[in-house]
Each structure stands twice: as C-alpha cells, then as structure tokens.
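Have a look at the structure below before the remarks.
The values are calculated or read from the model by the stated rules, or taken from the named source; none is laboratory data. Everything quoted here is computed from the prediction, not taken from an experiment. Glycine also receives a Cβ, built like all others from the backbone with ideal geometry; neighbour counts cover every protein chain displayed.
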Amino acid sequence: MSGYEPKTIERKWQQVWAEEKTWEVANPGQPGFDPAKPKSYVLEMLPYPSGEPHVGHLKCYAVGDAIAHFRRRHGFEVIHPMGYDAFGLPAENNAIKTGEPPRAATERSIESFRRQFREWGISIDWSRELGTHTPEYYRWTQWIFLRLLERGLAYREEAPVQWCPKDATVLANEQVVDGRCERCGTPVEQRRLEQWFLRITEYADRLLADFDLLESWPEHVVTMQRNWIGRSEGAEVAFRCEELGLDFPVFTTRPDTLFGATFFVLAPEHPELERLVAGTPAEEAVREYVNRVARESVEERGDEGREKTGVPLGRSVVNPVNGEEIPMFVADYVLMEYGTGAIMAVPAHDTRDYEFARAFDLPVKRVIEGTDPEAARDEQGLPYPGDGAMTGSGRFDGRHNREAYEEIVAWLRSEGRGEVSVNYRLRDWLVSRQRYWGAPIPVVYCERCGEDGAPAIVPVPDDRLPVELPEIEDYAPQGRSPLAAAEGWVATECPRCGGPARRETDTMDTFVDSSWYFIRYLDPQNAGAAWDRAAADHWLPVDQYIGGVEHAILHLMYARFFTKALADLDTLSVQEPFANLFTQGMITRDGAKMSKSKGNTVSPGEYVARYGADTARTYICFMGPPERGGDWSDEGVEGVNRFLSRLWRLCGEVESREAAGLEAGAAEGQARELLAKAHWAIDKATRDFERGFQFNTAIAAVMELVNDAYRLKEGLYADPAGVAAVRFAAATAASLIFPFAPHLGAEVWERLEGGRVWENAWPVADPQLLRSDTVTLVVQVNGKLRDRIEAPAGAAEDELLALARASEKVQGHLDGKQVVKEIVVPGKLVNLVVR
RNA sequence: GCCGGAGUGGCGGAAUUGGCAUACGCGAUCGACUCAAAAUCGAUUGCCCUUACGGGCUUGUGGGUUCGAGUCCCACCUCCGGCACCA
C-alpha cells in the first residue's frame, strides 16, 4: 500500500457524501423521517462571507462537526445545516472602493466558503443551505419585522443615537466599544435622529429570568449578558422645585441615603433645563456649558477618571424626606439615557457625588455609620458606599439601613413622593442603518394617510413582500441611505389609500437577519411561511450551539429576544433558542491575534492543500481545550500529520496479513495488552467527549493506542490471532478518530472492517478488558514516593501492607524509626508514617 | 474600580473524587536504515548533586489544613477577557 495521500482519500469520501446526500435529514411528515429516533440540533454560528474562510472558521466547524458525528453515532438524528450571514458593511465598503457590487463580491465569497466546507469534509445537510441576502430569506426577515411592528415591539422615534462618521450610519449601543465604532474604530458622535428601534427592554426581565431554562452555557457569557442588561432595583423619588412648581423625579438605588442628599444634578440634555434658567443670571453660563458638552465625543465624556465639571442653576429643590432646600446643578457626569436624567446627590455615600462636592465646595452629610478602609479618602472615612446604622435621618436613626429601606420607600409612597422602580442599563435595539447592503425596512410613508402634516407610517402588506433591494450605482453613503437616490424605487403607492407614498430607505442591522436563521434552516424552502410550526417544534431548541465568544452579548442576546418575541406571537413553542452553548477560543499566531496587517494569518486552504483536511482539523482539536485559545504551530501540524500517517501505515500492514482466531475474552499476553489498550482508549475518548468536548485528550488517547500498536506489532504479527489484535486496534483507532479526521477514519474502517464507519454505533468499552489482574501499588513513607509494587487487584489491606513493608527500598526508609500510622487506599496506595 | 478566567518542563498542554506531577504532541540529543540526505523506526529528555547506586528539589509567591495538596482554605503577585461617571 502506498503512503498516506490525503488528497486521494479525501476526494473519494467527499464525493460519496455529496452523491449519497449522507447528511441530509427529513422533517416530520417527509419521506425518510423516523419518529423513533431522538433529534439533536447541532449548530455552528453561520459565517459572514467576506473573502476566504480563516482559521477561526475551520476551528468552529471542526469542533461542531466532531460533536455532530459523535451524536449521530449515539443514535441521534442530527440536523447540521449551514448558511451565510451575507448582508453587511464590509461588502458595501468594498463596493465603494472597487465598484464591484456587493452582491457579486458576496456571491463570490459564498462560493469559496461553500467549496472549502466541502473540502474540509464538514457533514452538512446542504439541502438546507441559505443566504440571508436572498429575497427568499429576507422576505421573512421583513415579515417578522412587520409582526413586531403590529405588536408595538418595533417603533420609530427621535432619540439621541450613536453615529459613526466614517461608516456614515447609526449604530446600536452594543456596536459601540469604548466610544468607538466596533467595525472601523472611529470615535462615534451623538446625534438626535429619528430611527427604528426594537423594544428589547420589554424583555429585560425575561432575558434575565430565563437563564434558568438553559442547560449549559459558559458562566462568563451569562455574566456578561447579565451585566449588559444591568438590572437595578430602587425607587423613583420626586424632588419639587417650588419656584416653578415642577416635580423632578430621580431614580436611586439608595433611598436609605435620602437624608444625606445635599444637592441635585441634571444632565446637560435634560428637557427642563431651558425653562429653569431662562431669563436668570445663570442662563448664559449654563448654555455655554451645555454647548461645550455637546461638542465632546462620547469617548471623552465617558472617561471615569476626569475632573467633575458643572454649573449651578441658581435654583433649588426640596428634599421630600426632610423639607431641606438643596441647590441644583447641571453636570455632564449625569446621563440623560439612564434613569430620569436627574439625580439626588449624596456625597457622603457616593464617590462621584463626593468628587463633585469637593470640586464645588458643597456640604457632605453622613447618614450611614461606617467606613470602608479601601475606598475612604478623607479623615471622616468618606465617601462610604457600604451599609451600617443610620444617622442624621430623623426617626430612622439607629436602624440598619437595609432594614429601614422598605419602610422608607413605603413612606414615600404613602406621601405620593415616590415609588418602587427598576432601571436597566439595556437600551432598546436601534436597528435602522443608513446603508445599502441590508434588508429594506418594509414600510412606506404616506402624506395623505398622515395627520398634522406628519406622514403616516404604513406597513407593506404581507402579500407584497419582499420589498426588494433595488440595484443602484452609487453605494457611498451621504448621511442618508444610498437607497434614497433610487428615486424610481422610493416613489411608490400607499398600500392603504393608493395615493403617492415614499419608501423607507433605511435597511436593517444585519444582526436582525441572524436573529432567526436557525429557525429558517428547519424549513428553508417554504415559500408560503417563514417556517412550518411542526418542523420548528420538532427540531428546536438548538441542542448544541458553537461559536466565538465575541458574540456573547450581541448576537446571542438578540437571538434570545427574537425567540421570546416569536413565541409571544405564537409561532414558536420554545422560550430559549440555544439550550447548550459552547464558545471556542481564538487561535493566535506567534502569540498575537491574526491580522493581515501583521502578516501572521494562517490560511486554512494552504494547510488543507499541503497536509489534507483531516490533519488540519485534527490539529486544531488537538492544540488544547477548544474553549481556550491556542497558538498555531507549524511543527504541531506536522506532528498530527505524522500520527495520521502512522495509523494509515498500520492499516496497510495489517490489511495484508492473515488475521484470525482472536477471542477477546481469552486473549493473553501482548494480544490482551493491546486489546486492553484499545478498550481503554474507547473509554477515555468517550468520557472526554462527554465531559465538555475535551478533544485534545481524546485524540491523545488514540495516539497512545497507535503508539502501543507500533510497540507490540512485531511480536503480534507472528500468529493470526496476534494480527487480529493489531487489526482491532487499528480499526478502533479509525473509529475513534473519525469525528476529527472523517476521511481517514472512513477509509481505514472500510479497508479493515468493510462498510461505513458512520453507520456503526460509537464503540463501547468492554468492562472485562478495562479491568486488570494486577495494580501498581504506590508505596509512600511520610507521603513521599519510595517504591512501586505490582500487587493483585483484589488484595486486602493487610496483604498490601505486608507487600509494602517487604520492599527493600521502603525498609531503607524505615530503619531505626517507628511506624506511627499506616494508611491504605485499596488498589492504589500505602503510606507509612514514621517518626 | 467592579465582574469573570488563567498561571504546571525549552514550548502547546495532561493529571476525572485530596492519592504515582509533567500523559499526548512539539523541540532537542543519541542510535538503526542509507554512499548521503530526507522520510521512517527505536532510545533518552523537569531541575540540581552523583561515574554509578541513589538522593534532594519542583505546579506564580507566602502561609494554613491533611498521613498526603497542582487540586481545599487565607493573603498576595502577574497575565488575559468583559464592563465601566448606569445614580
């Protein structure tokens, strides 16, 4: 047999899988559907097709494919689809640069991804392939949008939004990182614009509560989402400005510190600011301050460490708990977007208020006893954010603040000055984008249907979907969507009154497209509905989701929100889309993140061409635990290639030798030793799979098996029973490596056992062969290893002790000393404690 | 600052319930095969002392619990990721 030539065998099996449509599965009611088989939905996050796939894609799909294969061979009907998240900015920016239309570049990239997925041998049900940029898909994205609109979950509103000047579009909060555009790194600006939002905040509590419904998600992902949602319980309390007869509500998590409020601060964007200072001496200074803040970037303003600034308003409000008049200020450390845009300042117990009080020489009034040695800054131990006995708080003095908390809120309530309140850090999801390459938002604006001069928002009826994306010439954004230039497309007729109307020219954030794709896979060709309910009910939820941790918040939270909203629309029966989540770590090169500018990228195509897909996939799974990152090493790839070649050669040797007459139970000597190793490897690999996808150690176990076969084979080749043992070892190795190296696994299995390895159940270790007659007894003196003795497996404690004491090496350490204690762990260890 | 995660040979990493630290792979050294090289096969490979036998030390640092700690507890150091003026 010739040497290991991955090209040949990989092509052979890829052809088999394509021709026989091996990985296609049927929906309930379709021919070939087996209701007796349990289902398993294994899904990797769909790729964004830009250029060629990179090594992160290879890792994601190699990991997912291993899981899919493992489940199939445990009797599950595994659905394992693939698609493309094809709308998005890079294709459009490329179009602006090169003139190549986004559709053409995207299709070209999809072709490349599709070809490489086949070359990698990923077991995909290709009959379910989809692209989010096709009218057949985005028709239903638009359909879902309309359902959300009907429910009031989609709305259009003028609000301060984050604007990226480079990409010339608004961004969702989640897409702004450290005050910069997530995509291009440009500092974002704040603008007031009318935009489309999805009411994700309505689901904040359910998004939090339903973490309980998940089977297994990485703890840190749950934590990140929890922090992002940022639920805070507290109270809303009204402070009254008597001069103007205005109530100013504030949100506070610390109503127990109300007695310590010594001043009051409004955000620069607060709507009542104008009224408060109009015609007063403070007017000029306040206006100047507000203008200055408005010019600052989001990044500058967000800096926590900066000096506190602000301007007094010359007005005051009354503290409802003690009737004290406290002065009002405007300051940029108060944010309009959170709470009510106004705060009561308690400098004694809040660091930020304390800093402001220091800068403006305002009184600091302690109302909670105690000091925090870490945080305290002055001789009184203030500010103190912790708990303790109340003081300076009238009838609450002496009470513990946490105990009095409820009572204070109840009292405010009875006085009509306050109410229990909950606030979230989470904002509604801004989904409109002033860009071309996305799904059009399916509404039109009709003057005739409108009122008070404002045009009416008229949804496009379902039967006129999709609203197709028109072909245009110029993709460059000019502060409005490039679609606005497509006059023939924009001008339309109102579906309600038939009069002239204009189309919405914004498109949807691509995260909308990817918030429901995992449902469309279940019924991808359905032209009459987004999906068939029975198909969705059968396959959902996704049993195992795999992807990069960079989507911990964005995609994973949006998809959870969509699932809940769709369940509320009575189109789904699950509340959570992804029962189990696995996040893979990033592969680096030379210790650094791969990037074209650094020139340290790894092209999967190159390695596949050189070593074969099996080697590339197995190497990636062998690098280390897949949830952790790892540094790519060319030598490591060679090592894995060596291992696969060794298995290949072993197969060739054993195939050409006569094998017969092996009774597993009766095997002796080296034959038994090798069989035992094979069963050990089965047991080890199976447990590693089940224990959180520890592929690196599972592969190591198969390596050990092949190494042992090499060590023992010369002796075993002497008789047919021995050859049979080696043959069993090689076939077992092929079976176990199949999830990582499917082509080689299939080929070796076919040669040695005949038939298709994937049609065989995952092997089960024979407990007879996992057991051994003798064990290695570890003998310690004072906890230090002194000898290893072969002992009978079932030996009693005194027997083991006698063996241990009989050891010469041990006796050398007992000399002249007294044994004060003997510890025996049967089957494992003896420890003699001497003095 | 707050919330996560991680520190083990020259390197990637293993150690499943508190019980043989360093599996497996890389790299390195030596040997076999070869005219030679590559490939392959085999041996050695944590550090220190020792010709050897053997001994001592070792899982970021310092303490503790235990017959026994990489694993549990306390304090600290370093690195990575997330959030960050959210009242």
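Of all residues in region A:787-835, those satisfying the criterion of being part of a strand (DSSP E or B) and under 49 Å from the mean Cα position of the chain (by Cα) are A:Arg788, A:Ile823, A:Val824, A:Val825, A:Leu829, A:Val830, A:Asn831.
Of all the residues in region A:20-69, those that are touching a strand residue (DSSP E or B) at 6+ places or on another chain (Cβ under 7 Å) and of a type in the set (Phe, Trp, Tyr) number 2. The residues on offer are A:Val290, A:Val286, and the sole one that is of a type in the set (Val, Ile, Thr), farther than 25 Å from A:Glu324 by Cβ and more than 10 Å from RNA strand B (Cβ to nearest atom) is A:Val290.
Does A:Glu243 satisfy the criteria of being loosely packed, with under 15 Cβ neighbours inside 10 Å, at negative phi and more than 36 Å from the chain's Cα centre (by Cα)? Working first, answer last.
Values: loosely packed, with under 15 Cβ neighbours inside 10 Å: yes; at negative phi: yes; more than 36 Å from the chain's Cα centre (by Cα): yes.
So A:Glu243 passes the test.
Of the residues making up region A:514-538, those that are surrounded by fewer than 24 Cβ atoms within 10 Å (Cβ to Cβ) and part of a helix (DSSP H, G or I) are A:Tyr517, A:Arg520, A:Arg533, A:Ala534, A:Ala535, A:Ala536, A:Asp537, A:His538.
Any idea which residue in region A:520-556 is nearest to RNA strand B (Cβ to nearest atom), counting only those that are over 23 Å from A:Leu430 (Cβ atoms) and of a type in the set (Val, Ile, Thr)? Restricting to residues being over 23 Å from A:Leu430 (Cβ atoms) and of a type in the set (Val, Ile, Thr), the top hit is A:Val549.
Among residues that are buried (at least 23 other Cβ atoms within 10 Å of the Cβ) and at positive phi, A:Gly51 is not included.
Residue pairs, Cβ under 6 Å, 6 or more apart or interchain, first in region A:416-435 and in contact (Cβ under 8 Å) with a residue 24 or more places away in the chain and charged (D, E, K, R), second within 15 Å of RNA strand B (Cβ to nearest atom) and in a strand (DSSP E or B). List them. As it stands, the answer is A:Arg417/A:Ala238; A:Glu419/A:Glu236, since those pairs meet every condition given.
Contact map, region A:455-475: residues that are of a type in the set (Phe, Trp, Tyr) paired with residues that are part of a loop (DSSP other than H, G, I, E, B), Cβ distance under 7 Å, separation 6+ or inter-chain. Pairs shown: A:Tyr475/A:Tyr436.
Among residues belonging to region A:177-203 that are in contact (Cβ under 8 Å) with a residue 60 or more places away in the chain and in a loop (DSSP other than H, G, I, E, B), point out the one that is surrounded by the most Cβ atoms within 10 Å (Cβ to Cβ). Full working, then the answer.
Quick first cut of region A:177-203, residues in contact (Cβ under 8 Å) with a residue 60 or more places away in the chain only: A:178-180, A:183, A:187-190, A:195-201, A:203.
Applying the additional criterion that residues be in a loop (DSSP other than H, G, I, E, B) yields A:178-179, A:183, A:188, A:199.
Values: A:Asp178: 12, A:Gly179: 16, A:Arg183: 17, A:Val188: 25, A:Arg199: 16.
Only one residue fits best here, namely A:Val188.
Of all residues in region A:380-430, those that are assigned to a helix (DSSP H, G or I), within 16 Å of RNA strand B (Cβ to nearest atom) and of a type in the set (S, T, N, Q) total 1.
Only one entry of A:Asp513, A:Asp532 meets the criterion of being modelled with pLDDT of 95 or more and more than 22 Å from A:Ala154 (Cα to Cα), and that entry is A:Asp532.
Within region A:766-808, the only residue that satisfies the criterion of being buried (at least 18 other Cβ atoms within 10 Å of the Cβ) and either within 22 Å of A:Phe689 (Cα to Cα) or more than 16 Å from RNA strand B (Cβ to nearest atom) (or both) is A:Leu769. So how many residues does region A:138-168 have that are surrounded by 20 or more Cβ atoms within 10 Å (Cβ to Cβ) and on the phi > 0 side of the Ramachandran plot? Residues meeting the conditions: 0.
Screening A:Leu572 against (1) more than 10 Å from RNA strand B (Cβ to nearest atom); (2) free of Cβ contacts under 8 Å to residues at least 60 places away in the same chain; (3) part of a helix (DSSP H, G or I); (4) in contact with a helix residue (DSSP H, G or I) (Cβ under 9 Å, 6 or more places away or on another chain) leaves a single unmet condition, (3). Residues of region A:586-597 include at least one that is in contact with a strand residue (DSSP E or B) (Cβ under 7 Å, 6 or more places away or on another chain) and among the β-branched types (Val, Ile, Thr).
Considering the conditions (1) surrounded by 15 or more Cβ atoms within 10 Å (Cβ to Cβ); (2) away from RNA strand B (no atom under 14 Å from the Cβ), A:Glu174 is excluded by exactly one of them, (2).
Residues are listed down the side, and each one gets a yes or a no for (1) assigned to a loop (DSSP other than H, G, I, E, B); (2) within 10 Å of RNA strand B (Cβ to nearest atom); (3) more than 27 Å from A:Phe561 (Cβ to Cβ):
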residue: A:Met224; (1), (2), (3): no, yes, no
residue: A:Trp228; (1), (2), (3): no, yes, no
residue: A:Glu233; (1), (2), (3): no, yes, no
residue: A:Ala238; (1), (2), (3): no, no, yes
residue: A:Val250; (1), (2), (3): no, yes, yes
residue: A:Pro268; (1), (2), (3): yes, no, yes
residue: A:Gly279; (1), (2), (3): yes, no, yes
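Of all residues in region A:313-369, which are among the basic types (Lys, Arg), over 38 Å from the mean Cα position of the chain (by Cα) and either under 21 Å from A:Trp411 (Cα atoms) or not in a loop (DSSP other than H, G, I, E, B) (or both)? Those that are among the basic types (Lys, Arg), over 38 Å from the mean Cα position of the chain (by Cα) and either under 21 Å from A:Trp411 (Cα atoms) or not in a loop (DSSP other than H, G, I, E, B) (or both): A:Arg315, A:Arg358.
Restricting attention to region A:621-635, which residues are near RNA strand B (Cβ under 6 Å from one of its atoms), assigned to a helix (DSSP H, G or I) and crowded, with 16+ Cβ neighbours inside 10 Å? None - no residue of region A:621-635 is near RNA strand B (Cβ under 6 Å from one of its atoms), assigned to a helix (DSSP H, G or I) and crowded, with 16+ Cβ neighbours inside 10 Å, so the list stays empty.
What about A:Arg646, is it within 15 Å of RNA strand B (Cβ to nearest atom) and without any contact (Cβ under 8 Å) to a residue 12 or more places away in the chain? Steps first, answer last, please.
Working: within 15 Å of RNA strand B (Cβ to nearest atom): yes; without any contact (Cβ under 8 Å) to a residue 12 or more places away in the chain: no.
When the stated conditions are applied, A:Arg646 does not pass them.
Residues in region A:695-746 that are surrounded by fewer than 22 Cβ atoms within 10 Å (Cβ to Cβ) and among the charged types (D, E, K, R) were compared, and the one that is farthest from RNA strand B (Cβ to nearest atom) is A:Asp719. Just one of (1) surrounded by fewer than 19 Cβ atoms within 10 Å (Cβ to Cβ); (2) assigned to a helix (DSSP H, G or I) fails for A:Trp749. It is (1). In the set (1) of a type in the set (Gly, Ala, Ser); (2) modelled with pLDDT under 90; (3) within 12 Å of RNA strand B (Cβ to nearest atom); (4) within 24 Å of A:Glu274 (Cα to Cα), the condition left unmet by A:Gly305 is number (4). A:Thr371 passes every criterion in (1) touching a Gly at 6+ places or on another chain (Cβ under 8 Å); (2) within 14 Å of RNA strand B (Cβ to nearest atom); (3) hydroxyl-bearing (Ser, Thr, Tyr) apart from (2).
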